[in-house]
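The values are calculated or read from the model by the stated rules, or taken from the named source; none is laboratory data. Computed from a prediction, not measured in an experiment: that's the story for all the values here. Every residue, glycine among them, receives a Cβ derived from its backbone with ideal geometry; neighbour counts consider all protein chains shown. Side chains included, ligands, DNA and RNA excluded: accessible areas come from the protein's heavy atoms. Shrake-Rupley method; radii C 1.70, N 1.55, O 1.52, S 1.80 Å.
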Amino acid sequence: MERTDLINHIKESYPKLSKGQKLLSDYIIENYDKAAFMTAGALGRAVGVSESTVVRFTYALGYKGYPKLQKHLQEIIKNRLTTIQRLNIMDGIEPDKIMDNVLKTDISNLNATRASLDVNLFKRVAEIMISARRVYIVGFRSSAPLAQFLAFYLRYILDNITLVSTENSDVFTQLLHVGEEDVVMGMAYPRYSSQTIKGLRFAKSKGAQIVTMTDNELSPLYELADICLLTKNDINSFVDSYVAPLSLINALIIMIGAAKKETLTNNLHDLEELWQNNNIYGYDK
């Protein structure tokens, strides 16, 4: 059900609703971007009704509790939110509850990611990255730190890692020599970077194997991928939640490191000697 369908459903149900439920309907129709990330209590306070009225309202619309309506709203609007709209989400969060809300959201994202993850598919990603001629890692804007983190640690293990970034000319120039023996791993979350999408399309046209990390099957990265790893990144503020994607990246690095343990051990031995000799970490000589 798209946003217009949900709004129409609320309007169709309107005559049968109580006075308090009609106030909730009016608020959601006008402020659906805020309501989607409010707790039942916060929504009730914003409208001037009790939390129990909010719960009864969701049942009146046919949902099995407020979390179901909230999740539906979030899925509809998540990809459309501007940064200002994300900032407005915080209006429903009391300052002394911000930490708890953020941590609960991150924990929920981790649990949902683990529950839906296909472990065999995850292992397959590690295998094809190990066997590839070259591994290109693509991530722009808020996903850039994820790409940088993955590339940083994979370079301890593999000598064929290329990080595609905005600092190194345009995406097409950096992917110019990609071919059928290569793997291109792209990551993007709402609002999806057009640079990442264009780069993956170009790499796919050159025959490269495409691996992506994104949030759901409606993502433009999902349809471009030969293998797609889905991770939840539900938000309750203007800041994206990348806890689940980063955790999956950690697991991928460790899995590749375990498979290439001898190489990793030798590389780390050489690096430790170089770091110490060049006082990289501030060792006293």
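Descriptive notes on the structure:
- Expected 222 nm ellipticity per residue - DSSP helices of 4 or more, -39500 (n - 2.57), all of the chain, to 500: -17000 deg cm²/dmol
- Region 152-285: Cα Rg divided by the 2.2 N^0.38 Å rule of thumb: 1.24
- The angle separating the long axis of helix 144-154 from the principal Cα axis of greatest extent in the chain is about 30 degrees.
- Relative contact order (percent, whole number), region 123-270, Cα cutoff 8 Å, 6+ residue spacing: 23
- Computing FRET efficiency as 1/(1 + (r/R0)^6) for residue 7 and residue 173, where r is the C-beta to C-beta distance and R0 is 41 Å, gives about 0.35.
- Heavy-atom surface analysis with a 1.4 Å probe gives the chain a carbon and sulfur content of 52 percent of its accessible area.
- Within the chain, the ratio Rg/Rh, alpha carbon atoms throughout and Rh by Kirkwood, equals 1.08.
- Relative contact order (%) - criterion: Cα under 8 Å, at least six apart; region: region 1-62: 34
- Seen against the Cα atoms of the chain and their longest principal axis, helix 119-131 is set at about 30 degrees.
- The 3J(HN,Hα) values that the Karplus relation (6.51, -1.76, 1.60; θ = phi - 60°) gives for region 6-15 are, in residue order, 5, 4, 4, 5, 5, 5, 5, 7, 3, x Hz. Gly and Pro appear as x.
- Proximal charge balance of residue 152 [Cβ under 15 Å; K/R count +1, D/E count -1]: -1
- Net +/- balance of residues flanking residue 253 in space, Cβ distance below 15 Å, scoring K and R +1, D and E -1: +3
- Peptides 148-159, 186-197 ordered by average Cβ neighbours within 10 Å, highest first: 186-197, 148-159
- Lys/Arg +1, Asp/Glu -1 at C-beta; the chain dipole; positive extreme among 178, 250, 23: 23
- In percent, rounded to a whole number, the relative contact order of the chain is 17, using alpha-carbon pairs under 8 Å and six or more apart.
- 1.4 Å probe accessible area per residue over the chain, in Å²: 53
- Among residues other than residue 66 with Cβ under 13 Å from its Cβ, the summed charge is +3 (Lys and Arg +1, Asp and Glu -1).
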